[in-house]
1. Cut-off under 29 Å on the C-alpha distance; same-chain residues fewer than 8 positions from K387 excluded. Which lysines are left, in chain and number order?
2. Just the number, please: carbon plus sulfur as a percent of the accessible area of the range 273-340, 1.4 Å probe, no ligands or DNA/RNA counted.
3. Please report the accessible area of K304 (heavy atoms, 1.4 Å probe, ligands and nucleic acids excluded) in Å², nearest 10.
4. With just the Cα atoms defining each centre, how far is the range 284-318 from the range 350-368? Give it in Å.
5. How much FRET efficiency would the formula 1/(1 + (r/R0)^6) give for E86 and A326, where r is the Cβ-Cβ distance and R0 is 41 Å, rounded to 0.05?
6. Could you check which residue among Y61, Y239, Y369 shows the biggest mean-square fluctuation in a GNM of the chain with a 10 Å Cα cutoff?
7. Highest GNM mean-square fluctuation, the chain, Cα pairs closer than 10 Å: which of G138, G11, G38?
8. Using only DSSP helix segments of four residues or longer, with each worth -39500 (n - 2.57), what per-residue ellipticity at 222 nm results for the chain after dividing by its residue count and rounding to 500?
Amino acid sequence: MNYDAIVLGGGAAGLMCAAVAGQRGRRVLLLDHADRVGKKILISGGGRCNFTNLHVAPDRYLSANPHFAKSALGRYTAQDFLALVERHRIAWHEKTLGQLFCDGSATQIVDMLLDECAEGGVDIRTGRPAGEVTHADGSFRVQDAEAPALVIATGGPSIPKLGATGYAYDLARRFGLKVVEPRPALVPLTLPPDQALFRELSGVSTEVIARAGKTRFREAALFTHRGLSGPSILQVSSYWRPGEPIGIDFLPDAAAGWLTDAKRARPRTTLRKLLSELLPDRLAETLAEQLALAGELANLPDRKLQDAAQRLADWQFRPNGTEGFAKAEVTVGGISTAELSSQTMEARKVPGLYAIGEAVDVTGWLGGYNFQWAWASGWAAGQALAK
């Protein structure tokens, strides 16, 4: 069967690309090995799909080429996708930090994309692996289908329980494209045995500033039975490298000299009492024990109090790893952007071959940024296919 384009992968990017190309007159086949499309969309945002972010900007994406995403993100914006959502009469709301969610269910986003594909006459096949992909005489062949264009939209290996694999990278390498080493991103960090005391705080959460290198995020951190999680930790995990420390400011609103000022104002109180007024009780107790400053503040030297305040502002953890692709929301790395046109997502060395979405070495922050990259890169490729 002859098509104008074959899209491999029925996730956010693949569905968007197929719909755009189909509505512009191209005959499109979309293949997905899962029994239904959009599985990652359905579980996102606690089932309500954090479908984009009002603060999308290229500097909120990681890539070996930090400029690559500018073109697609600039031509298909968060407002463009929001207009599509509103055209389908899907109610939405903004949570913190510009994150947009469905009022109802993530199913609404999948249904919307399927409606868009139907409008474009897209042929969708699910429940069967793509199998061997061949390329000869300017034509790609997959199963019983043939087309002059092939779009790799199969994502990365994060969340393998949904069927995620490294298929995109294997296919890219077969066509001679370079792949930036993939690693888990937006993923919980694990702590070594010598920091087991903090693992015993499992379930305790508090707002912090988390730091990896020069990158900082102010959001909640969560202690788990394996280590550290929560939005701030997931954010810095994308920047963290094995062997490096993670810095945590447990009191981001504390003014300079707050502890020595407290000594003057409340000399009879204790560090443990002060911390319990500012932090969850179990965490306050643990930090006070670690700082080993017992007794009333009046009896503690200013220098020791200053050192304690400094440590609370930059408490060093040295993770021994992450919880891996099984718990990672996305993947850092992927098909090298050096191999692709930032305008069209087409491979420079293989005319007719495109790569979009998470398969590409572009990874966004937590909070709808990765969906916006999927929509924007899928739109860019869909537009190119229609020319």
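The values are calculated or read from the model by the stated rules, or taken from the named source; none is laboratory data. Quick caveat: nothing in here was measured; it's all calculated off a predicted structure. When we count neighbours, we look across all protein chains shown, and the Cβ atoms used for this are built from the backbone with ideal geometry, even at glycine. Heads up: the accessible areas ignore ligands, DNA and RNA and are worked out on the full protein's heavy atoms, side chains in. Shrake-Rupley method; radii C 1.70, N 1.55, O 1.52, S 1.80 Å.
1. By straight Cα distance, K387 reaches K70, K178, K349.
2. 47
3. Number for this one is 110 Å².
4. Between the Cα centres of the range 284-318 and the range 350-368 lies a distance of 45 Å.
5. Approximately 0.70, to the nearest 0.05.
6. Comparing Y61, Y239, Y369 in a Gaussian network model of the chain, the most mobile one is Y239.
7. Sorting by GNM fluctuation, first place goes to G138.
8. That calculation yields -9000 deg cm²/dmol at 222 nm.
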